[in-house]
């Protein structure tokens, strides 16, 4: 058969294929340019950005777990000013869309970050990390309370005309409630899931493996949970969904697409194989050819659950 159509539309952002990279696993793009062809994937997402630079948590802040890893990096980043000064020259040389992930500790910080990023032509879309504590509300995490999440999205929506993607936390009672709150507040798309809160123990030392004690669990271990949440949310909202969680192969990615995802993000696999996203995109095209599928969009929400 002829070459299949892998292009997708993500909230008005045209992607050459559905494969993206996940925030926090791909630096700011330039770090991976020598390891893979950035033009081979649909988009890449930057490490989370804040108004001021952050040093993050003290080490040890990453450890392996069965079928995954825990991290407590603490949102270390160079800050928006250094991003503009030091990273934009490289972004101007890349045709693949750059999506800027960002966060704040107050509504005002979120709004200011959205406005700053909206003014940068090299940024094609914004991804809002709402898995952060609201310092004005005693540390409650924005992403676990529908009203707080709605407030963040509304504040950001007012400051940008670019596609606004909201990254959802899985550490909630009902992911659908959170998804609907964000969609109603003006999100153009939803990406899920962020990491699951976990703990690893060094038995010999009788101490936590991480200095922060707990961290975010990612990797293949979380894939069934992520798939379930993507399936639930895709059935509940009208806006596009981006699937994240344990994707290491084209088969993994296509499972998320069947569950309802328009696009996917490759995360932890980037630490194992720096060209993981490129391989997923390449193998996805091969799978479509081998299975006689001429357009990847025909698979979105194609999961058959009836008559089982």
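Numbers below:
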{"item": "Those residues of the range 1-34 which are under 19 Å from residue 69 (Cβ atoms) and either part of a loop (DSSP other than H, G, I, E, B) or free of Cβ contacts under 8 Å to residues at least 12 places away in the same chain (or both), in sequence order", "result": "22, 23, 24, 25, 26, 27, 31"}
{"item": "Members of the range 1-26 that are at pLDDT 95 or above, surrounded by fewer than 17 Cβ atoms within 10 Å (Cβ to Cβ) and either in contact with a helix residue (DSSP H, G or I) (Cβ under 9 Å, 6 or more places away or on another chain) or within 23 Å of residue 289 (Cα to Cα) (or both)", "result": "5, 7, 9, 14"}
{"item": "Selection status of residue 183, in a helix (DSSP H, G or I) and either modelled with pLDDT under 95 or surrounded by 21 or more Cβ atoms within 10 Å (Cβ to Cβ) (or both)", "result": "no"}
{"item": "Criterion: under 27 Å from residue 187 (Cα atoms), in contact (Cβ under 8 Å) with a residue 24 or more places away in the chain and crowded, with 18+ Cβ neighbours inside 10 Å - qualifying residue of 68, 48, 74", "result": "48"}
{"item": "Test: residue in the range 258-274 that is on the phi > 0 side of the Ramachandran plot, touching a residue at least 12 places away in the same chain (Cβ under 8 Å), within 15 Å of the chain's Cα centre (by Cα) and crowded, with 18+ Cβ neighbours inside 10 Å", "result": "no"}
{"item": "Members of the range 80-108 that are out of contact with any strand residue (DSSP E or B) (no Cβ under 7 Å at 6 or more places or on another chain) and closer than 11 Å to residue 47 by Cβ", "result": "87"}
{"item": "Residue 293 vs. criteria surrounded by fewer than 23 Cβ atoms within 10 Å (Cβ to Cβ), modelled with pLDDT of 95 or more and not in a helix (DSSP H, G or I)", "result": "yes"}
{"item": "Residue within the range 203-218 that is in a helix (DSSP H, G or I) and surrounded by 22 or more Cβ atoms within 10 Å (Cβ to Cβ) present", "result": "no"}
{"item": "Filtered residues of the range 158-180 (kept if part of a loop (DSSP other than H, G, I, E, B) and touching a helix residue (DSSP H, G or I) at 6+ places or on another chain (Cβ under 8 Å))", "result": "158, 159, 160, 161, 162, 168, 169, 170, 171, 172"}
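The values are calculated or read from the model by the stated rules, or taken from the named source; none is laboratory data. Since this is a predicted model, take the numbers as computed values, not measurements. A quick note on method: Cβ atoms are made from the backbone with ideal geometry, for glycine too, and the neighbour counts reach across all protein chains shown.
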